[in-house]
1. Expressed in nm to one decimal, what extension gain is obtained for the pair Ile174 and Thr42 from 0.36 nm per residue of sequence separation less their Cα-Cα distance?
2. Between Ser263 and Ala281, what length in nm is gained on full extension when 0.36 nm per residue of separation is reduced by their alpha carbon distance?
3. Here are some pairs, Lys94/Lys251; Lys91/Lys122; Lys91/Lys202; which of them have Cα atoms lying more than 20 Å apart in this structure?
4. Starting from the Cα gyration tensor of segment 72-151, take the square roots of the eigenvalues, sort them a ≥ b ≥ c, and report rounded, prolate or oblate (rounded when a/c is under 1.5, otherwise prolate if a/b is larger than b/c, else oblate).
5. If I stretch the segment between Asp63 and Arg32 completely, what's the gain in nm (0.36 nm per residue apart, minus their alpha carbon distance), one decimal?
6. Could you work out how far apart the two model spin labels at Glu289 and Arg184 are, taking each label as a point 7 Å from the Cα in the direction of the beta carbon, and quote it in nm?
7. Whole Å is fine, so just give me how far the alpha carbon centre of segment 60-117 lies from that of segment 173-203.
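No lab work stands behind these numbers, since they all come straight from the coordinates. These numbers were taken from a predicted model, which means no experiment stands behind them. Cβ atoms come from the backbone with ideal geometry, glycine included; neighbour counts cover every protein chain shown.
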Amino acid sequence: MSKASRVLSYAAISVSLTIMAWAQNAAAPATRPLPPGVSRVTGPPVGQSAGQTRRAGHDPVDDRVEIREYGFKETGENMPYAVFVSSKIAKGRKAPLVLALHGYSGNYGTFMRSGCVEEAEKNGYILVGVMGYSPTAPFGNTNLFGGSRDAAPAPGPARAAPPKVMPGAQGPAIGGTRETDPARVSELSEIDTMRVLELVRKEFDIDDDRIFLMGHSMGGAGALYLGEKYAPVWAAVACIAGFGSPDPRGKLKDTPLYFTAGSEDKLGAMGRTTAEQLKAAGLDVEWKELPGLDHGSIIAGSMPDVFEFFNRHPRKSGK
């Protein structure tokens with residue numbers, strides 16, 4: 001190789017290394033941990049320009065949704081969440097909020113698809129999807145899949161085998177990975193969920209009498225668990241294709257509850273049983289089976305009824 005060729009080769013290598021270094025530095029902020037409680041937008045709404053859509057990349061999240069992340073101090077990771085704000089929300093007026101919990105193997109985008117977002121838009125809501133730390137973490141309901149940390153699985157109606165990955169609920173394996181102990185992951189799932197609620201309440205002018213909680217499958221059980229634990233927060237709770245065993249004499253006794261499942265869902269009977277037991281104990285419970293829907297299609301299919309239920313149940317004064 002001639003001297004001139006070597007110089008050109010070295011120059012090309014130098015330029016390549018410079019470009020690689022620039023690219024790495026440009027990408028670094030996307031993975032660098034954020035300070036605790038600090039959030040940023042990672043996926044703004046798309047579609048303002050012709051031809052833009054998330055669906056072109058096989059992303060099921062609706063184009064109108066904003067994807068974010070914040071610094072999760074418990075593990076030093078960034079936790080994603082998603083926010084949709086209805087165009088009907090007027091400046092200077094308090095807005096109703098729905099916090100949505102995904103099913104087993106789902107993520108913050110499970111409820112951020114067009115069928116769900118359209119109901120939030122039509123009814124004038126802010127809709128928030130949480131990660132709950134990981135796709136399989138049960139939102140603090142440690143007993144759902146068996147027992148507490150370092151203890152044998154606890155028998156009883158609250159315990160269930162982890163469900164299979166269901167169509168309409170699954171998503172990419174995202175979220176936290178640094179903690180692996182099941183009980184601690186469950187705790188972190190609860191912390192992440194309530195932390196996101198705190199962030200959103202600080203950012204937006206939320207109507208405290210219209211904060212609602214809903215969840216699908218595992219998230220439905222999580223909604224019952226968090227609904228009971230933080231009962232003063234919620235105006236009403238919706239359990240979609242889920243089940244649980246909250247204390248009928250506990251904090252949920254003053255919270256309106258909505259249960260629904262599809263007629264083609266083999267797990268639907270458990271939700272019906274939970275609803276019937278709580279209603280028999282005197283709780284304010286509504287149950288509705290939707291014909292032709294299965295464990296996945298119930299998510300979007302139930303949204304008109306869920307939002308109609310929420311519209312009828314703002315918090316009663318003095319609750």
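1. Using 0.36 nm per residue and subtracting the Cα-Cα distance, I get 46.1 nm.
2. 4.0 nm
3. Lys94/Lys251
4. Verdict is prolate for segment 72-151.
5. Between Asp63 and Arg32, full extension yields an extra 8.6 nm.
6. Here the answer is 4.4 nm between the modelled labels.
7. Rounded to whole Å, the Cα centres lie 14 Å apart.
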